[in-house]
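First up is the structure itself, then whatever we jot down about it.
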Amino acid sequence: MPKIVRISIDAMGGDHGPSVTIPGAASALERHPDAMFVIYGQEQAVMPILNKHPKLKERTTFHHCDVMVQMDDKPSAALRKGRWKSSMWRSIEAVKKDEADVCISAGNTGALMAMATFCLRTMASIDRPAIAGLWPTIRGESVVLDVGASIGADAQRLIDIAVMGSAMARIVFDIRSPSVGLLNVGVEEIKGVEEVKAAGKLMRENPVPGLTYAGFVEGDDIGKGTVDVVVTEGFSGNIALKTAEGTAKQIGEYLKAAMSRSIMSKIGYIFARRAFAALKEKMDPRRANGGVFLGLNGIVIKSHGGADALGFAAAIDMGYDMVLHDLQSKIAETLTAYHRKPAVAAALADEPAASGES
């Protein structure tokens, strides 16, 4: 019998709250009619919109919550005021209590990470979660992580990130052994900080089950789609993500200005509008919306705070796939197998804490 995926929704999260999250859930239900929803939010804000989507309402259990986490709340303050009572906390807690299989929220990223980590805890051998996102590339898409969960990473964390990212790639891309690259300042083995070089050496000498280590990759390799999974720590990963988003908007504005510059350019646009429509769709961030919090004892998906209903539905789609294809088991099995290797355990035990650039 097919698995019924139970999806927990923080309806109050994001810049637009229920006006986006509820229609987004209704849209996702059209693609996944077997899904069940558990929605948390303020009744007076949620129910008038939910009532407009009878099919979704029929597949939904709703829970009123008095408290909502604001987008500008500090994580510590959000945890203090929102624990137990907020729509964000309760949607995460539903996963812990096995009342849902995945939590989706467009809320405050720092608060969501703090609450998810506090509520669900991390998997064995994982000290901090990582955020993984899908990145449009020339070849299609790549998984990139960590894109902002935490700053800094030693060799063990980079390898753990690689394992988690490859598990996600196997599900999303249906690849048996995804190619994985470590983001670095060059492809030569002598370049980079010590942690990255140490992780690369370990992965070369001790192959990780379920992935193909492709060596170091540089920033331009992300857009090229050189590898299926790009691994980095959260500081550089978040900068790369924001730079790419800004560049996409910049190119869009350049094209818009160029197409309206003269009569001839406007005529040219008419003949090329299908090509421009295809380009716009390819660069549309809504279609790749959703960052997965990897390394927790449960699946949490972070939707972009400014996403519209289409973007929020894409985040739900991602969560649905992660549950359906058993992301958690794939990560746990690979982590256990790799850390049990004697050579890996010995090397990680001897790894120096300090680092510096060569």
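Would you mind telling me the share, in percent, of accessible area of region 123-239 contributed by carbon and sulfur at probe 1.4 angstrom? Here it works out to 56 percent. Each Lys or Arg adds one and each Asp or Glu takes one away; over the other residues whose Cβ falls under 9 Å from the Cβ of residue 106, this sums to -1. Under a 5 Å amide H cut-off, with hydrogens placed 1.01 Å from N, residue 179 pairs with 212, 228, 229 among residues at least 5 apart or on other chains. Charge tally around residue 39: other residues with Cβ under 13 Å, Lys/Arg +1 each, Asp/Glu -1 each, net 0. Rounded to whole Å, the principal axis extents of the Cα atoms in region 78-125 read 27, 24, 18, largest first. Within region 1-77, none of the chymotrypsin sites (Phe, Trp or Tyr not before Pro) combine a DSSP coil assignment with at most 12 other C-beta atoms in a 10 angstrom radius.
Among complete DSSP H helices in the chain, those whose alpha-carbon atoms stretch at least 15 Å along the helix's long axis and whose mean Kyte-Doolittle hydropathy reaches 1.6 are 109-120. Seen from a random direction on average, the alpha-carbon convex hull of the chain projects onto 20.3 square nanometres. Evaluated at q = 0.15 Å⁻¹, a Debye calculation over the C-alpha positions of region 1-157 (equal weights, vacuum) places log10 I(q)/I(0) at -0.86.
How do 250-263, 322-335, 134-147, 183-196 rank on mean C-beta neighbours within 10 Å, highest first?
134-147, 322-335, 183-196, 250-263
Summed over qualifying helices (DSSP H, 4 residues or more, each -39500 (n - 2.57)) and divided by its residue number, the chain shows a 222 nm mean residue ellipticity of -15500 deg cm²/dmol. For region 41-118, the set of trypsin sites (Lys or Arg not before Pro) satisfying both a DSSP loop assignment and a count of at most 14 other C-beta atoms within 10 Å is given as 52, 85, 97.
Lysine pair count for region 53-201 (Cα-Cα distance under 28 Å; residues 8 or more apart in sequence or on different chains): 14.
The values are calculated or read from the model by the stated rules, or taken from the named source; none is laboratory data. Bear in mind that the values here come from a model prediction, so they are computed numbers and not experimental data. Every residue, glycine as well, gets a Cβ built from its backbone with ideal geometry; the counts of neighbours run over all protein chains shown. In case anyone asks, the SASA skips ligands and DNA or RNA and just uses the protein heavy atoms, side chains included. Shrake-Rupley method; radii C 1.70, N 1.55, O 1.52, S 1.80 Å.
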